[in-house]
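Visitor: One structure is given below, represented as structure tokens, and several questions about it will come after.
The values are calculated or read from the model by the stated rules, or taken from the named source; none is laboratory data. Just so we're clear, the structure is a prediction, and the values are computed from it rather than from any experiment. Glycine gets a Cβ as well: all are built from the backbone with ideal geometry, and neighbour counts include every protein chain shown. The protein model used for the area step is the full one, side chains on, heavy atoms only, and it has no ligands, DNA or RNA in it. Shrake-Rupley method; radii C 1.70, N 1.55, O 1.52, S 1.80 Å.
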Amino acid sequence: LPAQLLQLAQDAETELRLQRDLLLQIQKLSRLQRQKTPKPPQKTTPKILATVTEELPVIPVLVLACDRSSVRRCLDKILRYRPSARRFPVIVSQDCGHAETAKVIASYGQAVAHIRQPDLSDIAVPPEHRKFQGYYKISRHYRWALGQVFRTFRYRAAIVVEDDLEVAPDFFEYFQAVLPLLEEDPTLWCASAWNDNGKEGLVDAGRAELLYRTDFFPGLGWLLLAELWDELEPKWPPAFWDDWMRQPEQRRGRACVRPEVSRTMTFGRKGVSHGQFFDQYLKFIKLNDRFVPFTQMDLSYLKKDEYERFFLQQVYSAPEVQLEELQKDLGRDSGAVRLQYRGRDSFKALAKALGLMDDLKSGVPRAGYRGVVSFVCRGRRVFLAPPSDWTGYDPSWS
């Protein structure tokens, strides 16, 4: 018996040493990032050039996992496409305590850091929310995991991915290029890999380099800065965190960057949402398959003033057409056109007829900017837009 106790003590000491070494490794990477992150350009710099510098910032990828052993599909693509293990450390935060999923994550060894959400207890919820217990646990997990990234490991930015997402070949290139925009432009609060209306027939796959501003928080593979977490953590909601992010009190007039063609796709039909939107929309999202060298491009057009000048001019100079005209068009004309909506019901009817997601959150349409949703119909650019005297979102439209 003493020999067995001694062996147990030795095993426990070995495990603690491994955990300590892992923490030290992550903290070392965090220190390197803080020391080597280049200073942003001075305000006198006319443009933001997302060029590769000698010392690039470290941006961890936080993968939130629970009980999907298919997290392997997510991790395989992340590890295949990341250009540098030093610049893009992968941290997998696991909730739920699911043994099979933990075994899959452990199989990657030192390629990923595996951390575990310690509180697996049920959460006291209002009786009418009993069936939403899963959403409460997800929100708790997000708060803990983001706290680890920004408080314990002290990173300055992070990419957040869920375990049912597959990433595109230029996923890392995209986020590396847009990070300076978030650091420079206070009217941007996130960048997302996702286009809510990114179904195959609704995007221009040949223009995969196109990026947009959107007032709608897309999630599904997104980048945030530590400063944003400083703002959100004290008031983080007990449940439904993504819809909470879309409320005016959190968004505060800020926008996200999103791509024409999504850099993530979801393969997770089963989950707490029970496949909501999956069969109708999500499984048809086009995943970009062409590498775009974003870091070699000038992305300054996404800064608010410049973007609104050219985007709004593009929208409201496009000829207005009726839905029937657009549906009858056989591709003879290729120029951009505008469909105008004048109220909530008008928007929803047009969106539904065109195959767009028609739901609104706090009055904001998915992928919309200043009320405008840009998409492709029969190979033609279409702007679903409010009148040019639009003055703001109406939360009652939700």
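Visitor: Give or take rounding to whole Å, what are the principal axis extents of the alpha carbon atoms in region 167-276, in descending order?
Guide: Principal-axis extents of the Cα atoms in region 167-276, largest first: 41, 38, 21 Å.
Visitor: Starting from the Cα-Cα distance between D76 and D279, subtract it from 0.36 nm times their residue separation and give me the gain in nm to one decimal. Walk me through the numbers on the way to the answer.
Guide: Values: separation 203, 0.36 × 203 = 73.08 nm, distance 2.45 nm.
Full extension from D76 to D279 adds 70.6 nm.
Visitor: Given a 1.4 Å probe and every protein chain left where it sits, what share in percent of the accessible area of region 61-287 is carbon and sulfur?
Guide: 51
Visitor: Using only the Cα atoms, what convex hull volume per residue in Å³ does region 61-287 have?
Guide: Spread over its residues, the Cα hull of region 61-287 gives 126 Å³ apiece.
Visitor: Non-local amide H neighbours of D95 (under 5 Å, H modeled in plane, Pro and chain starts lacking H): which ones?
Guide: So D95 has HN proximity to A65, C66, Q117.
Visitor: Could you give the length gained on full extension between F267 and R154, defined as 0.36 nm per residue of separation minus the Cα-Cα distance, in nm? Display every interim value, and only then the final one.
Guide: Working: separation 113, 0.36 × 113 = 40.68 nm, distance 3.11 nm.
Taking 0.36 nm per residue and subtracting the Cα distance, the gain is 37.6 nm.
Visitor: Still on this model: ³J(HN,Hα) across region 347-355 via Karplus (A = 6.51, B = -1.76, C = 1.60, θ = phi - 60°), whole Hz, x for Gly/Pro?
Guide: These are the phi-based 3J(HN,Hα) values: 4, 5, 5, 5, 4, 5, 5, 9, x Hz.
Visitor: Counting residues in region 235-372 as N, plug N into 2.2 N^0.38 Å and put the Cα Rg over that result.
Guide: Numbers: Rg = 17.6 Å, N = 138, 2.2 N^0.38 = 14.3 Å.
It is 1.23.
Visitor: Further, regarding this structure: So what's Rg/Rh here for region 318-385, counting alpha carbon atoms and using the Kirkwood radius for Rh?
Guide: Rg divided by Rh gives 0.95.
Visitor: Under a plain spin-label model, where a point goes 7 Å from the Cα along Cα-to-Cβ, how far apart in nm are R130 and D230?
Guide: Computed distance between label sites R130 and D230 equals 4.4 nm.
Visitor: Pop out the ³J(HN,Hα) list for region 311-324 in order, Karplus 6.51 cos²θ - 1.76 cosθ + 1.60 with θ = phi - 60°, rounded to Hz; leave Gly and Pro as x.
Guide: 5, 5, 5, 5, 5, 8, 8, 6, x, 7, 10, 9, 4, 4
Visitor: Obtain the nm distance between the two label points defined at D329 and S121 by a simple spin-label model: each point lies 7 Å from its Cα along the Cα-to-C-beta direction.
Guide: Each label point lies 7 Å from its Cα, and together they span 5.9 nm.
Visitor: What does the highest-first list of 99-110, 122-133, 147-158, 252-263 look like by mean Cβ count within 10 Å?
Guide: Top of the packing list down: 252-263, 147-158, 99-110, 122-133.
Visitor: Apply the Karplus curve 6.51 cos²θ - 1.76 cosθ + 1.60, θ = phi - 60°, to the phi angles in region 285-291 and return the couplings in whole Hz, x for Gly and Pro.
Guide: 5, 7, 8, 4, 10, 10, 6
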